[in-house]
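Throughout, read-outs are computed from the coordinates displayed, never taken from laboratory work. Note that the structure is a prediction, hence the values are computed from the model and not measured. Glycine gets a Cβ as well: all are built from the backbone with ideal geometry, and neighbour counts include every protein chain shown.
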Amino acid sequence: MALLIKNGTVVNDDLMIKADVLVLDGKIIMVEENLVVPENLSKDYQIYDATDRLVIPGGIDPHTHMQLPFMGEVAVDDFYAGTRAALAGGTTMIIDFVIPPKTSSLLEAYKQWRDWADPKVCCDYALSMAVTTWNEQISEEMKIVTEPSFGINSFKFFLAYKNVFMVTDEEFFQGLKRCAQIGALGRVHAENGSVIAEKQKELLEMGITGPEGHTQSRPEELEAEATNRACTLASQANCPLYVVHVMSKGAAKVIAEHRQNGAIVFGEPIAAGLGCDGTHYYSKDWMHAAAHILSPPLSRDPTTPSTLMDLLACGQLHLTATDNCTFTCSQKKLGLNDFTKIPNGVNGVEDRMSVVWEKGVHSGKIDPMKFVSITSTTAARIFNCYPRKGRIAVGSDADIVIWNPSATRTISAQTHHHANDFNIFEGMIVHGVPEITISRGKVVWEYGELNVEAGNGKFISLPPFCNYVFSAIPARARKMQPISVDRSNI
Ligand code: URP
Ligand code: ZN
Ligand code: ZN
Ligand code: ZN
């Protein structure tokens, strides 16, 4: 059945117009003021009134970890619970990470993630892939998974989690060079994992075993150092770089400096870092403190969340994600006597859109177009699925949210749709509520009710050599050609 969204304000990243939107067979087929439904459809369509509402592209969360096996546990938001929560919050596409253990081939891991995700996803999804070690086979398989039948166009490197996912600088550099050759974006978790491992030992030896040890073992300087190293190596490899979960002012400053010097680098703050600070780690309530543990940690500087939003507003940071990777309180208790064993990760996929609206638009820092840019369009551009995703336009997928900018809701674990039992935004009152979420033309969230089916989401294959990311790379490669001096006449 067709859907007609009437009387709303359509918001894209570059315009806001009064227009009606007609949807048929999962696509947007007309966007016009005072739209007249064509004769052939006039008997069979449903009307949604969007008076005083914004009609925006569904959110794209480019960084999630649904059902990730990590630190001895498996994240409880699986591809079903996690994508339901996404839709309830106005996010209609996620990009999750295949993370192969060091001993696994990329192809095996890819198959595993597809087997997990395909039958469960309720919204569209794509995959990014981590490279956790380096050898010839990995290099070969990186190329294979960028083919359309696999659809990967970005690879992530961990500079933290020593002995688990962490790569050495040599491995990272080889991986970045390979990314550049095959037209894939390099992504990085930037923290100095070796120094963190030393600091963890020191703190445990001093008897600091609680969650406060997590933040003290990961000073912000170690995020800034690794971010600087990652940007430097990416420039040397002539590879565009995307820094995931930028959590501190220092890391954000490094990204801006490298951009100023010509680097192609994107910075992604996450909902947790925009909505919370690291004072929670010093709570006397162990569970409360542990529930906020993720890496890099929330910043201990309480002014960081608002600064990260300022940097999104002025374009020094580029888009928002969540790093959604949830563990229950009982799973977090694995580290009751040793903070290094507390599974790392927090929620975000359901609340990101509202948190960004509250901290960005409601606070007056950004306008609704910038909101669309940093929650949807920029991700679609960077990951090469724009304008199919990230835009309200004829021909785009009908991933649409009818957004009430003035309604409020109070975030709580009692009412959220995540599978875990803690919400880091508990009690936050947010303006900006997704009243209706439409995924590929189907209404899946309507005034607080979900209507989803496991497996209804589709896998989105992301092509390499994205123009938005790669267009300057060939010219730079020519400029970087090594010089050889001919001395044959001597
Ligand atoms: O603590 C976090 N961030 N958990 C998920 C894994 C990662 O580092 O992205
Ligand atoms: Zn990470
Ligand atoms: Zn607290
Ligand atoms: Zn992550």
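Using mean Cβ contacts within 10 Å as the protection proxy, how do 321-328, 430-437 order, highest first?
Details: 321-328: 27.6, 430-437: 21.9.
Descending packing order for the listed peptides: 321-328, 430-437.
Can you pull out the trypsin sites (Lys or Arg not before Pro) in region 73-113 whose DSSP state is coil and whose Cβ has at most 16 other Cβ atoms within 10 Å? Before the final figure, lay out each step's value.
Working: sites: ARG84, LYS102, LYS111; in loops: LYS102.
Sparse-neighbourhood loop trypsin sites (Lys or Arg not before Pro): LYS102.
For region 203-274, with equal point scatterers placed on the C-alpha atoms only and solvent neglected, what are the log10 I(q)/I(0) values from the Debye formula at q = 0.13, 0.23 1/Å, to two decimals?
Taken in order of the listed q values, log10 I(q)/I(0) reads -0.44, -0.95.
Determine the principal axes of the Cα atoms in region 125-275, then give the extent along each, sorted from largest to smallest and rounded to whole angstroms.
Taking max minus min along each principal axis of the Cα atoms, region 125-275 gives 51, 34, 31 Å.
Roughly how compact is region 141-213, stated as its Cα Rg over 2.2 N^0.38 Å to two decimals? Before the final figure, lay out the partial values.
On the way: Rg = 16.5 Å, N = 73, 2.2 N^0.38 = 11.2 Å.
Rounded to two decimals, the normalised Rg is 1.47.
Return the tail of the calculated pair distribution for the chain, meaning the percent of Cα-Cα pairs more than 38 Å apart. Could you put the intermediate results ahead of the total?
On the way: 26361 of 119805 pairs.
Counting pairs separated by more than 38 Å, the tail of P(r) holds 22 percent.
Could you tell me whether region 380-490 comes out rounded, prolate or oblate from its Cα gyration tensor? Rule is a ≥ b ≥ c as square roots of the eigenvalues, rounded for a/c under 1.5, then prolate if a/b exceeds b/c, otherwise oblate. Before the final figure, lay out the partial values.
Details: a/c = 3.32, a/b = 2.39, b/c = 1.39.
Because a/c hits 1.5 or more and a/b exceeds b/c, region 380-490 counts as prolate.
Radius of gyration and Dmax for region 315-364's Cα atoms, expressed in Å?
15.1, 44
Reachable lysines from LYS333, Cα under 27 Å, same-chain residues fewer than 8 places away excluded?
LYS102, LYS162, LYS199, LYS201, LYS284, LYS341
In deg cm²/dmol and to the nearest 500, what is the mean residue ellipticity at 222 nm of the chain if only DSSP H runs of at least 4 residues count, each as -39500 (n - 2.57), divided by the residue total?
Numbers: 17 runs with 145 residues, N = 490.
It comes out at -8000 deg cm²/dmol, rounded to the nearest 500.
I need the peptides 356-362, 194-200 ranked by packing, meaning the mean over residues of other C-beta atoms within 10 angstrom, with the highest value on top. Walk me through the numbers before you get to the answer.
Numbers: 356-362: 21.9, 194-200: 17.6.
The densest-packed peptide leads the list: 356-362, 194-200.
Which of the trypsin sites (Lys or Arg not before Pro) found in region 415-490 are loop residues per DSSP with 14 or fewer other Cβ atoms within 10 Å of their Cβ? Walk me through the numbers on the way to the answer.
Numbers: sites: ARG440, LYS442, LYS458, ARG476, ARG478, LYS479, ARG487; in loops: ARG440, LYS458, ARG487.
In loop regions of region 415-490 (DSSP not H, G, I, E or B), the sparsely surrounded trypsin sites (Lys or Arg not before Pro) are ARG487.
Rounded, prolate or oblate, given the Cα gyration tensor of region 1-153, with a/c below 1.5 counting as rounded? Intermediate results must be reported in sequence, preceding the final value.
Working: a/c = 2.82, a/b = 2.41, b/c = 1.17.
Cα axes put region 1-153 in the prolate bin.
Report, in debye and to the nearest 20, how large the dipole of the chain comes out about its Cα centre when Lys and Arg carry +1 and Asp and Glu carry -1 on their Cβ.
On the way: 44 positive and 56 negative charges, 199 e Å.
For the chain, the charge dipole is close to 960 debye.
Excluding residues on the same chain fewer than 8 positions from LYS6, give the lysines whose Cα lies under 24 Å from its Cα.
LYS18, LYS27, LYS43, LYS370, LYS389, LYS442
For region 230-312, what is the Kirkwood estimate of the hydrodynamic radius, computed as the reciprocal of the mean inverse distance between distinct Cα atoms, to one decimal in Å?
Details: mean 1/r = 0.0732 Å⁻¹.
Result for region 230-312 stands at 13.7 Å.
Given just the C-alpha atoms of region 345-393, how large is their convex hull per residue in cubic angstrom?
On the way: hull volume 4.6 nm³, N = 49.
For region 345-393, the hull spanned by Cα atoms encloses 93 Å³ per residue.
Taking region 78-207 on its own, what percent of its Cα-Cα pair distances exceed 23 Å? Intermediate values should be presented prior to the final figure.
Working: 3413 of 8385 pairs.
Roughly 41 percent, once rounded to a whole number.
By the gyration tensor of its Cα atoms, with a ≥ b ≥ c the square roots of the eigenvalues, what is the shape of region 173-214: rounded for a/c under 1.5, prolate for a/b over b/c, or oblate? Don't skip to the end; give the middle numbers.
On the way: a/c = 8.18, a/b = 3.58, b/c = 2.28.
Prolate shape, in that a/c is at least 1.5 and a/b is the bigger ratio.
Just tell me which aspartates and glutamates come within less than 14 Å, Cα to Cα, of LYS177; anything on the same chain fewer than 8 places away is out.
Leaving aside aspartates and glutamates fewer than 8 places away in the same chain, those within reach of LYS177 are GLU136, GLU140, ASP169.
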